[in-house]
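Here, each number is a calculation from the coordinates, and none is a lab measurement. Note that this is a predicted model, so its numbers are computed, not measured. We place every Cβ from the backbone using ideal geometry, glycine too, and count neighbours over all the protein chains shown.
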Amino acid sequence: MSTDSETWAIDARGLTKTFGTVAAVRGVTLQVPSGTIFAFLGPNGSGKSTTVKLLTGLLAPTAGEARVTGCVVSVEDLELRREIGILPEDDALFPDLTIWEHLELCGRLYGLGRQETVARAIQLLRHLDLEQGRTTLVEKASFGMRKKCALAMALLHNPRVLFLDEPFEGIDPGSSRNIKDLLLALAERGMTVFLTSHILEIVERLAERFALIVKGKVVCCRTVSDLARDGTTLEQLYLGYAGRPDVGNLDWLGHR
């Protein structure tokens, strides 16, 4: 396997992030080829969202380095923003703007002409079943509508690498199917997709590769085809590394 960072769409080496005495991410190293759907999995609080912020320049690492499309990621690198799309863990939207106004603003920020912005926005909203709700103020929009608005904004400028933090959370089945089909098509066209998700069944059908992070450390990095060859499921592998919460005696439930 080549170690040339430019052979990878995403190349992280020893990424570490501490907040005071707490190490949220500890020496994360991973490589993601171009045109791949890569899933980054782990329990709540394991460091997934912090890693996404490090890979996208929203946070500066305490140690280590990340490259995206061959360029070193830094908080100050505005050019990187033109190469990537981000669906953050919180939607980062403005409550007093409509969904359509968000896309118009996004188009201007990325230097798209008005005609191009309108054409792309209409297509994205239609694909995400959001066209009828485009005049809705974000403060009055449902969680799913806000999520889809943020996804449309992440796609509007046609990024080379797409980072999605829980893209299927709160999404209805029809839109979820459309998003899965879109991501598969984008990967076939060469876009790299890096996503986090707690929905293992979707990951198993969608991603080609995955990594599992537990307590800030990557403990497993494999291909989905490895699982089928080994006769195991992603859920079995996940629980083997991450475990599951202890459960108490709930015998009182169901008895009246």
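Miscellaneous remarks
- Kyte-Doolittle at least -1.0, axis length at least 15 Å by Cα - qualifying DSSP helices, the chain: 99-109, 114-127, 143-155, 173-188
- Stokes-Einstein D for the stretch 55-112, Kirkwood Rh over Cα pairs, 4 °C, 1.567 mPa s (µm²/s): 98
- Among ASP129, ASP165, ASP251, ASP226, a tally of other beta-carbon atoms within 10 Å of each Cβ gives an order, fewest to most, of ASP251, ASP226, ASP129, ASP165.
- Above-threshold pairs, the threshold being 24 Å between Cα atoms, out of LYS148/LYS217; LYS53/LYS147; LYS180/LYS215; LYS140/LYS180; LYS180/LYS217; LYS53/LYS140: LYS148/LYS217; LYS180/LYS215; LYS140/LYS180; LYS180/LYS217; LYS53/LYS140
- Counting only the Cα atoms, the chain fills a convex hull of 175 Å³ per residue.
- Lys, Arg +1 and Asp, Glu -1 on Cβ, resulting dipole of the stretch 126-252 about Cα centre, debye, nearest 20: 480
- For the stretch 4-134, the fraction of C-alpha pairs farther apart than 18 angstrom is 63 percent.
- The stretch 110-228: mean projected area of Cα convex hull, nm²: 9.0
- Length gained when the stretch LEU78-ALA63 is fully extended (0.36 nm per residue, less Cα-Cα span): 3.3 nm
- Using a cutoff of 8 angstrom between alpha carbon atoms and counting only pairs six or more residues apart, the relative contact order for the chain works out to 25 percent.
- Unit charges on C-beta of K, R, D, E only; dipole of the chain, Debye: 80
- Relative contact order %, the stretch 11-108, counting alpha carbon pairs below 8 Å whose residues are six or more apart: 25
- Loop-resident sites, the stretch 205-256, for chymotrypsin sites (Phe, Trp or Tyr not before Pro), counting at most 14 other Cβ within 10 Å (DSSP): TRP252
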